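Inspection log for the structure reproduced underneath, given as structure tokens.
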Amino acid sequence: MRARRLIAALAPLLVIALAGCDKATRDDSEAARNPQCPRASAPQGKDVVSEHPEGVTVAERGLSKGGSGRTVSMGAVIANTTDRVAYRTRVSLHPLDAKGNSVLRTDTWLHFEIPVILPGEEAVVGAGSDVDFGQPDRLDVEVNWTHLVELDPGNLLLRPLPIGVQNISRAGGAMTVDFGVENGDGCADDRVERGIAVLFRDTGGTVIGGGFDNSKVANRCAGSSDRQQAVVKVVPPAADLTKTRITAYCDVADPRGTASPEPVN
């Protein structure tokens, strides 16, 4: 009888103790999850603009005719040789004839914003267009500005973005690339896609063009490695598809607020 009374007296204390342990377990579990599941956010220092920044350079460029005689395919590789992150780098493409004149009626849509280029990394940019005047001879590429910010591995936006190309096919002059983006930690990815850039090389490895898929399909930056697709309609006949390179433009939700002219993406 005394044992029953003792248990009855201790029961409320046991409930309180178990509740306390449960709360501690939940807190510990949440704390353990936070480092594994970082969030994507605009980095500190994003308001400081570096115009024509040293160390963020055009490593390669090239153009060639597309599948028809009146189209041009353009591509470039942008390298970040600094020790900081190049955030929202504005790049302009200008296809020119042999005399240095533009072959397009307007190039206002040939401005792109690359969301993130990590220190020592490269990103590609590309476009395909109809030719309005003359014959394309060379490609002028300009890095207009960027925001150089400190590397923060705790920010999902400023971590490596592995991309696996699963298949590349060509039909009717267009190219489709199947790929998957993987964030590497199994967490849900909250980055927002701002387009897929494609770079073409010939069999010798020379850059001969590129393209851009700006369809903004949902979940292409989701980080689950699920199969995604990008389609480029202007493809150089000499492109070696096995050397195709892509960059997924993944950013935080709001890319607006940059200087004019606004980028195509």
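Only one of SER92, SER73 is over 20 Å from GLU193 (Cβ atoms) and surrounded by fewer than 24 Cβ atoms within 10 Å (Cβ to Cβ). Can you tell me which?
When all the criteria are applied, what remains is SER92.
Within the stretch 191-206, identify whether any single residue is at pLDDT below 90, hydroxyl-bearing (Ser, Thr, Tyr) and over 20 Å from THR89 (Cβ atoms), and answer yes or no.
Checking the stretch 191-206: not a single residue is at pLDDT below 90, hydroxyl-bearing (Ser, Thr, Tyr) and over 20 Å from THR89 (Cβ atoms).
Just to be sure before I move on: is LYS99 in contact with a Pro (Cβ under 9 Å, 6 or more places away or on another chain), within 30 Å of GLY173 (Cβ to Cβ) and among the basic types (Lys, Arg) in the structure I sent?
Working: in contact with a Pro (Cβ under 9 Å, 6 or more places away or on another chain): no; within 30 Å of GLY173 (Cβ to Cβ): yes; among the basic types (Lys, Arg): yes.
So LYS99 does not fit the description; no.
Take the conditions small (Gly, Ala, Ser), assigned to a loop (DSSP other than H, G, I, E, B) and at pLDDT 65 or above and apply them to SER41. Does it pass?
Working: small (Gly, Ala, Ser): yes; assigned to a loop (DSSP other than H, G, I, E, B): yes; at pLDDT 65 or above: yes.
So SER41 fits the description; yes.
Can you pull out the residues in the stretch 95-125 that are within 13 Å of the chain's Cα centre (by Cα) and either surrounded by 19 or more Cβ atoms within 10 Å (Cβ to Cβ) or closer than 17 Å to ASN214 by Cβ (or both)?
Those that are within 13 Å of the chain's Cα centre (by Cα) and either surrounded by 19 or more Cβ atoms within 10 Å (Cβ to Cβ) or closer than 17 Å to ASN214 by Cβ (or both): PHE112, GLU113, ILE114, PRO115, VAL116, ILE117, ALA123, VAL124, VAL125.
Considering (1) small (Gly, Ala, Ser); (2) surrounded by 14 or more Cβ atoms within 10 Å (Cβ to Cβ); (3) in contact (Cβ under 8 Å) with a residue 60 or more places away in the chain, say which one GLY180 fails and leave the rest.
The number of the failed condition is (3).
Looking at the stretch 214-265, which of its residues are at pLDDT 90 or above, part of a loop (DSSP other than H, G, I, E, B) and of a type in the set (Asp, Glu)?
Residue satisfying the conditions is ASP240 alone.
For the stretch 45-66, which residues satisfy the criterion of being crowded, with 18+ Cβ neighbours inside 10 Å and either of a type outside the set (Ser, Thr, Tyr) or touching a Cys at 6+ places or on another chain (Cβ under 9 Å) (or both)? Give the derivation first.
Step one: of the stretch 45-66, the residues crowded, with 18+ Cβ neighbours inside 10 Å are 53, 56, 61-66.
Answer for the stretch 45-66, where residues must be crowded, with 18+ Cβ neighbours inside 10 Å and either of a type outside the set (Ser, Thr, Tyr) or touching a Cys at 6+ places or on another chain (Cβ under 9 Å) (or both): PRO53, VAL56, ARG61, GLY62, LEU63, LYS65, GLY66.
Considering LEU104, LEU151, which residue is over 28 Å from GLN229 (Cα atoms), assigned to a loop (DSSP other than H, G, I, E, B) and in contact with a helix residue (DSSP H, G or I) (Cβ under 7 Å, 6 or more places away or on another chain)? Show your work before the answer.
Details: LEU104 fails: in contact with a helix residue (DSSP H, G or I) (Cβ under 7 Å, 6 or more places away or on another chain).
The match here is LEU151.
Taking the condition assigned by TED's automatic domain parsing to the domain that holds ASP130, under 30 Å from ASP132 (Cα atoms) and at pLDDT 90 or above, does THR57 pass? So that I can check it myself, show each step before the final result.
Details: assigned by TED's automatic domain parsing to the domain that holds ASP130: yes; under 30 Å from ASP132 (Cα atoms): yes; at pLDDT 90 or above: yes.
So THR57 fits the description; yes.
Pairs please, first residue from the stretch 132-145 and more than 12 Å from HIS52 (Cα to Cα), second anywhere and in a strand (DSSP E or B) and among the β-branched types (Val, Ile, Thr), Cβ atoms under 7 Å, 6+ apart in sequence or on different chains.
That search, which allows pairs on different chains as well, returns PRO136/VAL72.
The values are calculated or read from the model by the stated rules, or taken from the named source; none is laboratory data. Everything numeric in this text was worked out from a predicted model, so none of it was measured. No Cβ is skipped: glycine too gets one built from the backbone with ideal geometry, and neighbour counts run over all protein chains shown.
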